Amino acid sequence: LIDVADLQSEAEANYSWTADVPLAGFASEVQNLPATDCDGAVVDSGRSIGISERFTVHVPANGEDVLIVTRLHPVLAGSLRVYANDEEIATHIVPQQPGTAWKVYTLIQQPEGETIRVRFEPMMETYVPMAHAIYAGDWLTDLPDTPILADYGNFALYDVALNLDGGRSTGIAVNLPGEQRNIPSVVPVPIVLGIYPR
C-alpha cells in the first residue's frame, strides 16, 4: 500500500508529486468520506496534485499481472492518464463527486524487469489521491459461454449490469490476436448501460 501523505510510506515507494501552481491552504488534508463502492466511510489523507505523481512498484517474481487500486477524492471531473515506465497504459474518467471516496483500477499486464515506475497525470485542475493499493495476480479470465450482445471489433459487450449504487458490472470481452479474453469489470460506475438486440 502506498499511503499518500504518509511520509514513510511515500519514501518506501520512491513517491514524488508536482503541482503547477502554489496551492492555497495545505497540500495534504485528512478527510472522512463515504465510500462509493461499499457501505461506510473512509478516513484518510489526500494530497492536491496539479501535474503528476510518481511511484515505484515492485514486479512479482512469478510474472503475474499488477493491479493498482487508487482511492481518490473526486473534487473535479476530468481524466487521469496512467503511465508505466513512460508508456501510457490507461486513461480513467473521473466524475465530479466531491465529498466521496472513489476508486479507479489500473491493470499492468505481465510487466518486465524488477520495478515499474508509475506516473499518474491528471487532466483536471485538481487531483486528490489518497492511496494506491498494489495487488499481484492473474486478472484475466476465460470468456464465459455467454451470447455477445454487441461486437465492436476489439471490444464486445456480452452482459449489462445496473450500477446505480456502485456495484460491479459483469465484464467486458476483449478480442486479442488469436483468442477472446474476458476482463472482469471492477470499476464502480454509477451509469446504466444497455444494448438491446433486435
Residue selected from region 3-36 under the condition acidic (Asp, Glu) and surrounded by fewer than 16 Cβ atoms within 10 Å (Cβ to Cβ), by the criterion modelled with the lowest pLDDT: Asp20
Region 110-129, subset within 12 Å of Ala19 (Cα to Cα) and of a type in the set (Val, Ile, Thr), residue modelled with the highest pLDDT: Val128
Any hit, region 95-103, residues being at pLDDT 85 or above, in a strand (DSSP E or B) and within 22 Å of Ser16 (Cβ to Cβ): no
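Tally up the residues in region 111-134 that are under 19 Å from His58 (Cβ atoms) and surrounded by 15 or more Cβ atoms within 10 Å (Cβ to Cβ), please. It would help to see each step written out before you state the result.
Filtering region 111-134 for residues under 19 Å from His58 (Cβ atoms) gives 111-120, 131-134.
Keeping just the survivors that are surrounded by 15 or more Cβ atoms within 10 Å (Cβ to Cβ) gives 111, 116, 118-120, 131-132, 134.
Summing the residues that are under 19 Å from His58 (Cβ atoms) and surrounded by 15 or more Cβ atoms within 10 Å (Cβ to Cβ) in region 111-134 gives 8.
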Candidates Leu107, Leu72, Leu76 - the one that is part of a strand (DSSP E or B), aliphatic (A, V, I, L, M) and open to solvent by 20 Å² or more (accessible area, probe 1.4 Å): Leu107
Residue within region 48-58 that is out of contact with any Gly (no Cβ under 9 Å at 6 or more places or on another chain), of a type in the set (Asp, Glu) and either modelled with pLDDT of 85 or more or farther than 22 Å from Ala5 by Cα (or both) present: yes
When residues of region 79-94 are limited to those that are within 18 Å of Glu125 (Cα to Cα) and open to solvent by less than 20 Å² (accessible area, probe 1.4 Å), the one modelled with the lowest pLDDT: Val94
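The values are calculated or read from the model by the stated rules, or taken from the named source; none is laboratory data. All of these numbers come straight from a predicted model, not from anything done at the bench. All Cβ positions, even for glycine, are placed from backbone atoms using ideal geometry, and neighbour counts span all protein chains on display. Ligands, DNA and RNA are excluded from the accessible area calculation, which covers all protein heavy atoms including side chains. Shrake-Rupley method; radii C 1.70, N 1.55, O 1.52, S 1.80 Å.
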